[in-house]
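Written below as structure tokens is the structure these notes are about.
A short reminder: the numbers here are calculations on the coordinates, not readings from a lab. In this text, all values refer to a predicted model and were calculated from it rather than measured experimentally.
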Amino acid sequence: MVPVWIKCFVILAVVFAHQVIHTRSIGVCFGMLGDNLPSPADVVALYKKNNINSMRIFNPDPAVLNALQQSGINLAIGTTNADIPNLAASPNAALQWVNTNIVPYPDVKFQYLTVGNEAIPGENAQYIAPAMKNLRDALNSLQLGAISVTTVVPSTVLGTSYPPSAGSFSSETISDMTNIISYLATYEPENPKRTLMVNVYPYFAYVADPVHVSLNFAQFTATAPAFNDTGLQYWNLFDAMVDSFYSAMERVGGTNVAIAISESGWPSAGNGEFTTTALAQTYNSNLMNHVAKGGTPKRPTDLLDSFLFAMFNEDQKQPGVEQNFGLFYPNEQPVYPLF
């Protein structure tokens, strides 16, 4: 039997590691769908070398978690989509998940726990809100309340996105999204903050309709606002997309829920003239500058924690643009200068 004093020490150590982690941060997603990626220790060293202060991983990886200990890097850690139903059905499963994937790493600065990735719409969507609640209760029982519990949704959960003030969830997703927003608004702690994580990709909106969506509007390089909406000026597509989400959340009771950007980026190859290193560099550089300065027209003082996608080009992803979102090649050389 483990002595009580050791259990208490572990809990206190984890609490201490999570005391001051919720300032606005810009991070990079560490996707692992590659057979030639650096070791976790080398990846963490590359983050530190480039002063990248936050990492997002899509599922627990013990080697990565061990490498992150004492690194000072904030972490967003995800459950797999397959785990969601069990986490929803069983508080004990949620407690076991936390005890397995968070408690053993007291020197990792866990910032977000994301329940699944783009699981809405889908067969597990209905289980996300109860899974979030069970994981929140598990964290609270272990004195880990500083970790924000959330989920990651794609822009396709919106049924209406233009103009931003008309943003609303689709008929397919509104029931599940209402349950998630209700959970966030009423059960998730106000401090550090109640947050929905959203994948925001102006690139895909631009390439889908380059006639009506200008490159400058998509890349933060417009010299004049593209449109006005309820007295607000929109100079870039990113702000318009985020504000559509704010409007959708407000329609279902989420006026007190914040947004973090779980993914955003621009591929450097794979789709002809739409994907060059120059375009990728411009977008990601401007995105970092933009979120560092403030929020969106609708919520100008709400700073957005943001994660660029992704750290490396991943050769096991679908050929084309999906293999070319990386900021670095697997040999750790930059695809283009950014940091």
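The orientation-averaged projection of the convex hull spanning the C-alpha atoms of the stretch 43-172 amounts to 9.2 square nanometres. Highest GNM mean-square fluctuation among Gly326, Gly272, Gly295, for the chain modelled with Cα contacts below 10 Å: Gly272. Between the amide H of Arg56 and those of Val28, Cys29, Phe30, Ala76, distances stay under 5 Å, these residues lying 5 or more places away or on another chain, with hydrogens modeled in the peptide plane. Dimensions of the stretch 182-339 from C-alpha coordinates, computed as largest minus smallest value along each principal axis and given longest first, are 45, 35, 26 Å. Quick one: helix 237-251 against the long Cα principal axis of the chain, what's the angle to the nearest 10°, folded into 0 to 90? Value to nearest ten degrees: 60. The 3J(HN,Hα) values that the Karplus relation (6.51, -1.76, 1.60; θ = phi - 60°) gives for the stretch 68-83 are, in residue order, 7, 4, 6, 7, x, 8, 5, 10, 9, 10, x, 8, 6, 4, 5, 6 Hz. Gly and Pro appear as x.
When both the stretch 234-310 and the stretch 114-187 are represented by their alpha-carbon centers, they are found 19 Å apart.
Close amide H contacts of Val153 (hydrogens built in the peptide plane, cut-off under 5 Å, sequence separation of 5 or more or a different chain): Glu118, Met197, Val198, Asn199.
What's the angle, to the nearest 10 degrees (0 to 90), between helix 40-49's Cα axis and the longest principal axis of the chain? In the chain, helix 40-49 runs at an angle near 60 degrees to the longest axis. For the stretch 111-186, the alpha-carbon coordinates run over 42, 26, 19 Å along the three principal axes, in decreasing order.
Eigen-decomposition of the gyration tensor built on the alpha-carbon atoms of the stretch 78-121 gives equivalent ellipsoid semi-axes of 20, 14, 6 angstrom, largest listed first. Rounded to whole numbers, the Karplus 3J(HN,Hα) couplings from phi for the stretch 321-329 are 4, 4, 8, 10, 8, x, 7, 10, 7 Hz, using 6.51 cos²θ - 1.76 cosθ + 1.60 with θ = phi - 60°, and x at Gly and Pro.
Within the straight-line cut-off of under 15 Å between alpha carbons, the aspartates and glutamates reachable from Lys48 are Glu332, sequence neighbours fewer than 8 places apart in one chain being disregarded. Using only the Cα atoms of the stretch 215-280, build the gyration tensor, take square roots of its eigenvalues as a ≥ b ≥ c, and label the shape rounded, prolate or oblate: rounded if a/c is under 1.5, else prolate if a/b is larger than b/c, else oblate. Oblate, because a/c is 1.5 or more while a/b does not exceed b/c. Between helix 128-141 and the chain there is an angle of about 40 degrees, using the helix long axis and the longest principal axis of the Cα atoms. I need the fraction of alpha carbon pairs in the stretch 179-227 separated by more than 17 Å, rounded to a whole percent. More than 17 Å apart: 56 percent of the Cα pairs in the stretch 179-227.
Does the chain come out rounded, prolate or oblate by the C-alpha gyration tensor, with a ≥ b ≥ c the root eigenvalues, rounded set by a/c under 1.5 and, if not, prolate when a/b is larger than b/c and oblate if not? Oblate is the answer for the chain, as a/c is 1.5 or above yet b/c matches or exceeds a/b. Relative intensity of the stretch 125-249 on a log10 scale, I(q)/I(0) at q = 0.15 Å⁻¹, equals -0.76, per a Debye sum over C-alpha point scatterers of equal strength in the absence of solvent.
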